[in-house]
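The values are calculated or read from the model by the stated rules, or taken from the named source; none is laboratory data. Computed from a prediction, not measured in an experiment: that's the story for all the values here. Glycine gets a Cβ as well: all are built from the backbone with ideal geometry, and neighbour counts include every protein chain shown. For accessibility, only protein heavy atoms count, side chains too; no ligands or nucleic acids. Shrake-Rupley method; radii C 1.70, N 1.55, O 1.52, S 1.80 Å.
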Amino acid sequence: MATTIRNKNLFCLNCGQSYELQYPIPVDELTKKIDAFNVLHENCSKTWIEPKVDQSKGIEEKAFFWFQNGERGMSSETIWFCCMNKEVKRVCYPYDPDDFSRCYKLFKAVPEWNTDLYRIKIGLLCPEWSELMKNWDKLTEMYEENTRTNWKNYKEIGMYEFMQKCIMKNTGI
Ligand SMILES: [Zn+2]
């Protein structure tokens, strides 16, 4: 199945069409819309490719490109607002490899932010971010190993568990 929810909308990874959802949405209505969307996109051909940032552009331009075209989540948006020197209204950090993947892709889009200076800045947001930033290279290695092996060694690599360890170190759980 090539359909997913991307930036809060239903999205087809094959043809790139999206369907805008109006939130809040009751669960059974959402289920119906997902089913209908899946039927509609059952046999469409693979024409969509994930938009790539032009690395010859400046930091701000790349950042805005990601904001418009990238796959956003709450933790990656937290990085975005922090690095853009904008007010971070709600600090969210990644809970699992899926959240991590969006942060990872943001850093790929704006590699200038994946540096010590910005890592310290992000780490100041909360103790969880601080611990995650300290271990970002290790997490990146684990993530890349997972994608290389198609998530088949997910358990052995233990990325999810390691992320929990980073997060919980600071919540006293
Ligand atoms: Zn489609």
Figure the gain on full extension for Met84 and Asp98 (residue separation times 0.36 nm, minus the Cα-Cα span) and round it to one decimal in nm. 2.7 nm
Helix 97-109 vs. the chain, principal-axis angle (Cα, 0 to 90°, nearest 10): 80 degrees
Provide the per-residue ³J(HN,Hα) series for region 3-11, in order, calculated from phi with Karplus coefficients 6.51, -1.76, 1.60 and θ = phi - 60°, each as a whole number of Hz, with x at glycine and proline positions. 9, 8, 9, 10, 6, 6, 10, 5, 9
Straight-line reach only, C-alpha to C-alpha below 20 angstrom: list the lysines that Lys152 could link to, leaving out same-chain residues fewer than 8 apart. Lys138
Taking the alpha-carbon distance from Lys62 and a cut-off under 12 Å, which aspartates and glutamates remain once sequence neighbours fewer than 8 residues away in the same chain are dropped? Asp54, Glu112
Quick check for you: which residues of region 84-107 have the amide N under 13 Å from the point 7 Å beyond the Cα of Leu30 toward its beta carbon? none
In whole percent, the Cα-Cα distances of region 20-107 spread across 5 Å bins from 0 upward as 3, 12, 16, 16, 18, 18, 11, 6, 2, 0
For the chain, what % of the accessible area comes from carbon and sulfur atoms, probe 1.4 Å? 52 percent
Which whole-number percent is the relative contact order of the chain (Cα, under 8 Å, 6+ apart)? 15 percent
Phi-derived 3J(HN,Hα) across region 83-90 with the Karplus relation (6.51, -1.76, 1.60, θ = phi - 60°), rounded Hz, x for Gly and Pro, is 6, 7, 6, 9, 5, 8, 5, 9
Helix-only mean residue ellipticity at 222 nm, the chain, DSSP H runs n ≥ 4 weighted -39,500 (n - 2.57), per residue, nearest 500. What is it? -15500 deg cm²/dmol
What Cys residues in the chain have no fellow cysteine's beta-carbon under 4.7 angstrom? Cys12, Cys82, Cys83, Cys92, Cys103, Cys126, Cys166
With angles folded into 0 to 90 degrees, how steeply does helix 27-40 sit against the dominant principal axis of the chain? Use alpha carbons for both and round to 10. 60 degrees
Counting only Cα atoms, I'd like the Rg/Rh figure for region 1-156, Kirkwood definition for Rh. 0.99
What is the extension gain from Asp137 to Lys152, computed as 0.36 nm multiplied by their sequence separation minus the C-alpha to C-alpha distance, in nm to one decimal? 3.3 nm
Using 1/(1 + (r/R0)^6) with R0 = 30 angstrom and r between the beta carbons of Leu40 and Lys108, what's the FRET efficiency to the nearest 0.05? 0.45
Tell me the angle of helix 59-69 to the major Cα principal axis of the chain, expressed in degrees between 0 and 90 and rounded to the nearest ten. 30 degrees
State in Å² the accessible area per residue of the chain; use a 1.4 Å probe, count heavy atoms of protein chains only, and round to the nearest integer. 62 Å²
Reciprocal of mean inverse Cα separation for region 94-140 (Kirkwood radius, Å): 10.7 Å
Cα-based Debye curve of region 60-139 sampled at q = 0.11 Å⁻¹ gives log₁₀ I(q)/I(0) of -0.23
Here region 144-153 yields Karplus 3J(HN,Hα) values (6.51, -1.76, 1.60; θ = phi - 60°; whole Hz; Gly and Pro given as x) of 5, 5, 5, 6, 4, 9, 6, 6, 6, 9
